[in-house]
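What follows is one structure encoded as structure tokens, with my remarks underneath.
The values are calculated or read from the model by the stated rules, or taken from the named source; none is laboratory data. Note that the structure is a prediction, hence the values are computed from the model and not measured. Counting neighbours? That spans all protein chains shown, and the Cβs are built from the backbone with ideal geometry, glycine included. Surface accessibility is based on the protein's heavy atoms, side chains included, excluding ligands, DNA and RNA. Shrake-Rupley method; radii C 1.70, N 1.55, O 1.52, S 1.80 Å.
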Amino acid sequence: MILVNGREIAEGAVLAETQYHPAASPEEAVAAAARALVVRELLLQRAELLGIAGAHASVDAEERAIEAVL
């Protein structure tokens, strides 16, 4: 389990994300996936703080909010 400002990123989410991160070893792939999900969560939290997206937004709304923050 990973916590980002008190919000959990479940192990299952990290494992599901791993397929998108080719690496020399499974451990490196998991680390890259975890890092990507942490960055995503930080961007979503910033979007919420700015009033761009809510905590329970759809995936499409989350993607638009991340683009707006960037």
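Taking GLU48, is it modelled with pLDDT under 95 and under 11 Å from the mean Cα position of the chain (by Cα)? First the steps, then the outcome.
Working: modelled with pLDDT under 95: yes; under 11 Å from the mean Cα position of the chain (by Cα): no.
So GLU48 does not fit the description; no.
Restricting to segment 2-34, name every residue that is within 18 Å of GLN45 (Cα to Cα) and over 13 Å from the mean Cα position of the chain (by Cα).
GLY6
Select from segment 21-39 the residues that are within 24 Å of LEU70 (Cα to Cα) and either aliphatic (A, V, I, L, M) or touching a helix residue (DSSP H, G or I) at 6+ places or on another chain (Cβ under 7 Å) (or both) and list them in ascending order. Before the answer, list the steps.
So the first thing to find is which residues in segment 21-39 are within 24 Å of LEU70 (Cα to Cα), and the list is 21, 31-39.
Result: HIS21, ALA31, ALA32, ALA33, ALA34, ALA36, LEU37, VAL38, VAL39.
Could you look through segment 1-47, keep only residues that are open to solvent by less than 50 Å² (accessible area, probe 1.4 Å) and acidic (Asp, Glu), and pick out the one that is nearest to ASP60 (Cα to Cα)?
Filtering segment 1-47 for residues that are open to solvent by less than 50 Å² (accessible area, probe 1.4 Å) and acidic (Asp, Glu), the one nearest to ASP60 (Cα to Cα) comes out as GLU41.
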